[in-house]
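Written below as structure tokens is the structure these notes are about.
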Amino acid sequence: MLAESILEQIADAVIYADDTGTITRWNHAAAALFGYSAVEAIGQRLDLIIPEHLRAAHWRGFEAAMTNGVMKLQGRPTLTRAMHQTGRKLYVEMTFALVKEQAESSALGAVAVARDVTERIEQQRASARPKGTGGG
């Protein structure tokens with residue numbers, strides 16, 4: 001199937017979670033980014049990749065989107081934190097979209113497309129730090 005091939009070949013992580021927040025689609029790039037194989041991730045809740053301190057806010061937003069059928073970000077990219085299987089913290093740029101059967105129907109779930117921007121963000125933060133006085 002063409003759609004399946006596209007999802008597996010794309011360089012960005014693609015994650016689909018149903019309306020309960022359970023992962024039901026996890027492409028090859030998601031496995032590379034987050035460290036979990038599709039077999040390990042599918043059937044798990046999104047908490048798998050959400051740092052603990054962000055979970056309450058995530059679930060408030062997720063449940064509101066499922067209930068109201070509208071996402072606050074409306075497809076605009078957002079920078080957020082995520083967690084690798086090893087526990088390493090990542091910076092990821094993500095876009096989100098609700099998945100509906102028809103425009104006016106209730107949400108079936110949500111899809112997220114993510115890319116790792118950890119290196120870029122860490123470089124920006126390092127260059128923004130005040131320089132030391134040297135000496136010693």
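The values are calculated or read from the model by the stated rules, or taken from the named source; none is laboratory data. Since the model is a prediction, treat every value here as computed from it, not as a measurement. A quick note on method: Cβ atoms are made from the backbone with ideal geometry, for glycine too, and the neighbour counts reach across all protein chains shown. Calculation scope for accessible area: heavy atoms of the full protein, side chains included, ligands and nucleic acids excluded. Shrake-Rupley method; radii C 1.70, N 1.55, O 1.52, S 1.80 Å.
Here is how the numbers come out for the structure above:
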{"item": "Under 12 Å from the Cα of LYS100 - aspartates and glutamates, other chains or at least 8 residues apart", "result": "ASP18, ASP19"}
{"item": "Sum of -39500 (n - 2.57) over DSSP H runs of 4+, divided by residues of the chain (222 nm, nearest 500)", "result": "-10000 deg cm²/dmol"}
{"item": "R0 of 25 Å, Cβ-Cβ distance GLN44-GLN102: FRET efficiency to nearest 0.05", "result": "0.30"}
{"item": "For a label point 7 Å along the Cα-to-beta-carbon line of ARG125, residues of the range 56-92 with backbone N under 15 Å", "result": "79-84, 88-92"}
{"item": "Candidate lysines for bridging to LYS89, where Cα separation is under 30 Å - those fewer than 8 sequence places away on the same chain excluded", "result": "LYS72, LYS131"}
{"item": "C-alpha center-to-center spacing [the range 1-39, the range 61-115] in angstrom", "result": "13"}
{"item": "Rg and Dmax [Cα atoms of the chain; Å; Rg one decimal, Dmax integer]", "result": "17.0, 66"}
{"item": "Accessible area in square angstrom per residue, the chain, 1.4 angstrom probe", "result": "63"}
{"item": "Solvent-accessible ranking of SER106, SER37, largest area first, probe 1.4 Å", "result": "SER106, SER37"}
{"item": "Sulfur and carbon atoms: percent of accessible area, the chain [1.4 Å]", "result": "54"}
{"item": "Space enclosed by the convex hull of the alpha-carbon atoms of the range 53-130, per residue, Å³", "result": "117"}
